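The values are calculated or read from the model by the stated rules, or taken from the named source; none is laboratory data. Bear in mind that the values here come from a model prediction, so they are computed numbers and not experimental data. Cβ coordinates were reconstructed from backbone atoms using ideal geometry, including for glycine residues, and neighbour counts include every protein chain displayed. Each accessible area value is taken on the protein alone, full model and side chains, heavy atoms only, with ligands, DNA and RNA left out. Shrake-Rupley method; radii C 1.70, N 1.55, O 1.52, S 1.80 Å.
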Amino acid sequence: PLLFKTIMSMKSNSLEWNPMEPYVFLVGNEDHNSYTFDMRKLNRPTGIYKGHVGAVMSVSWSRTGTEFVTGSYDKTVRIFSVRKEGGTAAHGSNSTGVARDIYHTKRMQRVFCVGYTLDHKYILSGSDDTNIRLWKARSSEKIGQLSSREETSLQYRNALVSKYEHLPEVRRISKTRRLPKFVK
């Protein structure tokens, strides 16, 4: 028997359950947005994630359940974080709804499938140009072992950014992404 039903305004292309919160699921939609829903309250989405300029074709949660990746008809792969400052996952009011990272290449065509690796350090994407691409989940993260000097430097840099993130210049620099004109 049918328990609950919600009707979207446009077609949904992909659905995936959160691996850490079994009552939360994610939907990729034709209206260029992704939505998180709590299955206990289906009357409205708990989070709306925007930024794509084409239909969202595929969605995938990381194994930690704190972020997800979307692939779209606009030839981009976007990573969204659903973590609030307290350290617990936040769906809705505390999550920004803006992509943390955006991946694209000149030759990449429409993205039809995305997924995290089991260690959630990499993202796989499959596109219309018959290529499978491997992306780092955190683009600025170095691959391999860090020396103690590099680790100390990275911690210091992160502490400075978090200390001065209220300044408009620091906020602007940390949020700047170079995108092609058709995506902006």
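Quick test for you: out of ARG157, ARG172, pick the one residue that is open to solvent by 90 Å² or more (accessible area, probe 1.4 Å) and either at pLDDT below 85 or farther than 27 Å from GLY97 by Cα (or both).
None of the others qualify; the one that does is ARG172.
Could you grab me the full set of residues in segment 47-72 that are assigned to a loop (DSSP other than H, G, I, E, B), among the hydroxyl-bearing types (Ser, Thr, Tyr) and surrounded by 22 or more Cβ atoms within 10 Å (Cβ to Cβ)?
Filtering segment 47-72 down to residues assigned to a loop (DSSP other than H, G, I, E, B) leaves 50-55, 62-66.
Those left that are additionally among the hydroxyl-bearing types (Ser, Thr, Tyr): 62, 64, 66.
Passing the criteria: only SER62.
Free of Cβ contacts under 8 Å to residues at least 60 places away in the same chain, in contact with an Asp or Glu (Cβ under 6 Å, 6 or more places away or on another chain) and either open to solvent by 90 Å² or more (accessible area, probe 1.4 Å) or under 25 Å from GLY54 (Cβ atoms) (or both): does that describe ARG110?
Working: free of Cβ contacts under 8 Å to residues at least 60 places away in the same chain: yes; in contact with an Asp or Glu (Cβ under 6 Å, 6 or more places away or on another chain): yes; either open to solvent by 90 Å² or more (accessible area, probe 1.4 Å) or under 25 Å from GLY54 (Cβ atoms) (or both): yes.
The answer is yes for ARG110.
Quick one: which residue in ARG44, ARG40 is farther than 24 Å from ARG133 by Cα, open to solvent by 40 Å² or more (accessible area, probe 1.4 Å), touching a Phe, Trp or Tyr at 6+ places or on another chain (Cβ under 8 Å) and of a type outside the set (Val, Ile, Thr)?
On the way: ARG44 fails: touching a Phe, Trp or Tyr at 6+ places or on another chain (Cβ under 8 Å).
Residue meeting the stated conditions: ARG40.
More than 21 Å from ARG100 (Cβ to Cβ), under 15 Å from the mean Cα position of the chain (by Cα) and either at pLDDT below 95 or open to solvent by 40 Å² or more (accessible area, probe 1.4 Å) (or both): is that true of LEU3 in this structure?
Working: more than 21 Å from ARG100 (Cβ to Cβ): yes; under 15 Å from the mean Cα position of the chain (by Cα): no; either at pLDDT below 95 or open to solvent by 40 Å² or more (accessible area, probe 1.4 Å) (or both): yes.
In short, no.
Would you check if there is a residue in segment 17-36 being open to solvent by 10 Å² or more (accessible area, probe 1.4 Å), assigned to a strand (DSSP E or B), over 16 Å from GLY97 (Cβ atoms) and touching a residue at least 24 places away in the same chain (Cβ under 8 Å)?
Yes - at least one qualifying residue is present in segment 17-36.
Tell me which residues, restricted to segment 78-115, are farther than 25 Å from PHE37 by Cα and at pLDDT below 90.
TYR103, HIS104, THR105, LYS106, ARG107, MET108, GLN109
Does LYS75 meet the test of being at pLDDT 85 or above and out of contact with any Ser or Thr (no Cβ under 8 Å at 6 or more places or on another chain)?
Details: at pLDDT 85 or above: yes; out of contact with any Ser or Thr (no Cβ under 8 Å at 6 or more places or on another chain): no.
Considered against the rule, which asks whether it is at pLDDT 85 or above and out of contact with any Ser or Thr (no Cβ under 8 Å at 6 or more places or on another chain), LYS75 comes out as no.
Report yes if LEU118 is open to solvent by 30 Å² or more (accessible area, probe 1.4 Å), within 25 Å of PHE37 (Cα to Cα), part of a strand (DSSP E or B) and aliphatic (A, V, I, L, M), otherwise no.
Values: open to solvent by 30 Å² or more (accessible area, probe 1.4 Å): yes; within 25 Å of PHE37 (Cα to Cα): yes; part of a strand (DSSP E or B): no; aliphatic (A, V, I, L, M): yes.
No.
For segment 132-146, which positions are open to solvent by less than 70 Å² (accessible area, probe 1.4 Å) and more than 27 Å from ASN158 (Cβ to Cβ)? Please lay out each step first, then the result.
Going residue by residue through segment 132-146, those that are open to solvent by less than 70 Å² (accessible area, probe 1.4 Å) are 133, 135-137, 139, 144, 146.
Correct list: ARG133 only.
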